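Beneath this line is the structure, given in structure tokens, with notes to follow.
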């Protein structure tokens with residue numbers, strides 16, 4: 001039982017249901033059968049990127065990307081000349097592999113460290129990735145600190161996004177049957 005399914009099981013039990021059967025027909029829909037008459041299929045509703053053959057939750061790229069960029073930026077060591085810099089990036093999908101992107105980001109950040117112009121700078125490191133550095137508001141233990149990011153596929157008007165992602169989820173569940 002995954003985390004989403006556990007939340008649903010806890011919710012159903014909290015609502016007073018006692019006859020809750022998990023995966024009554026095996027590892028196929030529905031996820032739960034309640035009181036022998038209510039079928040429940042669990043699917044976390046998130047924003048997705050549909051690249052054609054594969055649908056991918058936005059977080060599947062965004063979270064590892066943020067973690068990797070942060071680790072890379074912090075690994076470059078302490079401030080030089082008494083100043084730290086915020087790292088900001090924006091990206092869209094599909095994104096180059098981390099192996100390719102990492103070398104571009106690393107080269108840009110190291111080059112900037114060695115330049116010492118003390119001016120904000122930005123780089124376009126591919127069709128769908130931009131990197132910027134800005135002077136930090138205070139001195140930190142590292143030369144670079146994470147400032148933020150923009151995921152170009154994230155956000156939007158609530159109802160249209162819900163409709164779009166519900167349709168993607170329903171289509172995917174129907175395909176899996």
Problem set entry | region 133-150, subset touching a residue at least 60 places away in the same chain (Cβ under 8 Å) and in a strand (DSSP E or B), residue surrounded by the most Cβ atoms within 10 Å (Cβ to Cβ) | 144
For this session: Scan region 84-103 for residues that are touching a residue at least 60 places away in the same chain (Cβ under 8 Å) and touching a strand residue (DSSP E or B) at 6+ places or on another chain (Cβ under 7 Å) and report the count.
Result: 9
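When you go through 161, 153, 96, 130 one by one, which is the residue that is in a strand (DSSP E or B) and either within 21 Å of residue 64 (Cα to Cα) or within 18 Å of the chain's Cα centre (by Cα) (or both)?
On the way: 161 fails: in a strand (DSSP E or B); 153 fails: in a strand (DSSP E or B); 96 fails: in a strand (DSSP E or B).
The match here is 130.
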Exercise. Of all the residues that make up region 51-77, how many are assigned to a strand (DSSP E or B) and without any contact (Cβ under 8 Å) to a residue 60 or more places away in the chain?
Worked result: 2
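Return the residues of region 18-46 that are over 30 Å from the mean Cα position of the chain (by Cα) and either surrounded by fewer than 13 Cβ atoms within 10 Å (Cβ to Cβ) or closer than 30 Å to residue 158 by Cβ (or both); say none if nothing qualifies.
Once the filter is applied, which keeps residues that are over 30 Å from the mean Cα position of the chain (by Cα) and either surrounded by fewer than 13 Cβ atoms within 10 Å (Cβ to Cβ) or closer than 30 Å to residue 158 by Cβ (or both), region 18-46 yields 18, 19, 25, 26, 34, 35, 36, 37, 38, 39.
Within region 71-87, track down each residue that is out of contact with any helix residue (DSSP H, G or I) (no Cβ under 7 Å at 6 or more places or on another chain) and within 17 Å of residue 139 (Cα to Cα).
74, 75, 77, 78, 79, 81, 82, 83, 84, 85, 86
Only the coordinates and a few stated rules stand behind these numbers; no lab work does. Small disclaimer: the values here were computed from a predicted structure and weren't measured. All Cβ positions, glycine included, derive from the backbone under ideal geometry; neighbour counts span all protein chains shown.
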